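The values are calculated or read from the model by the stated rules, or taken from the named source; none is laboratory data. Worth saying up front: this structure is predicted, and the values here are computed from it rather than measured. Every residue, glycine as well, gets a Cβ built from its backbone with ideal geometry; the counts of neighbours run over all protein chains shown. SASA here: full protein model, heavy atoms, side chains in, ligands and nucleic acids out. Shrake-Rupley method; radii C 1.70, N 1.55, O 1.52, S 1.80 Å.
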Amino acid sequence: MNRFNEENVLDRLKRMTRIARQNGFEIRGEPLEGAGSTWCEIRGKRVLFLDLTQTAAEQALAIAEILEMTRLIRPNTPAEAPAAVKQAA
C-alpha cells in the first residue's frame, strides 16, 4: 500500500492543502453544491476553491488533480521579459 491509501483522510486533506499552498495557491472553501473543486487565477494569484459539499476524500483527490493539471502551467510569478524586449528598453 502507498502512503495515500494508509493515511487518514483528514490528514491527507491537510497535507494536500499544505502542498497546494506551497505551490502558490490560496485555498478557499465554498459550498459549490456538488459542482466540484476548481481553481482560477485572480490578479496573478492562483486560487483553489474547495467544494465544501464534497467529502474530505473528494476534496483531497481534487487538490491532487488540480496540482497535476497546473504543474506545467507557468508559475504565478511574473515571467521574465524576452531578450528582445529587454534590448529595446
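Please verify whether region 52-59 includes one or more residues that are without any contact (Cβ under 8 Å) to a residue 24 or more places away in the chain and within 11 Å of the chain's Cα centre (by Cα).
Scanning region 52-59 turns up no residue that is without any contact (Cβ under 8 Å) to a residue 24 or more places away in the chain and within 11 Å of the chain's Cα centre (by Cα).
What number goes with the only condition from (1) touching a strand residue (DSSP E or B) at 6+ places or on another chain (Cβ under 6 Å); (2) surrounded by fewer than 16 Cβ atoms within 10 Å (Cβ to Cβ); (3) among the hydroxyl-bearing types (S, T, Y) that T55 does not pass?
Here T55 meets the rest and fails (1).
Can L10 be described as at pLDDT below 95 and in a loop (DSSP other than H, G, I, E, B)? Can you show your working first?
Numbers: at pLDDT below 95: yes; in a loop (DSSP other than H, G, I, E, B): no.
Taking the combined requirement at face value, the residue does not satisfy it.
For region 30-39, give me each residue that is surrounded by fewer than 16 Cβ atoms within 10 Å (Cβ to Cβ) and closer than 15 Å to I66 by Cα.
A35, G36, T38
Residue check, I42 against (1) open to solvent by 90 Å² or more (accessible area, probe 1.4 Å); (2) at pLDDT below 90; (3) of a type in the set (A, V, I, L, M), all met but one. Which one?
Every condition holds for I42 apart from (1).
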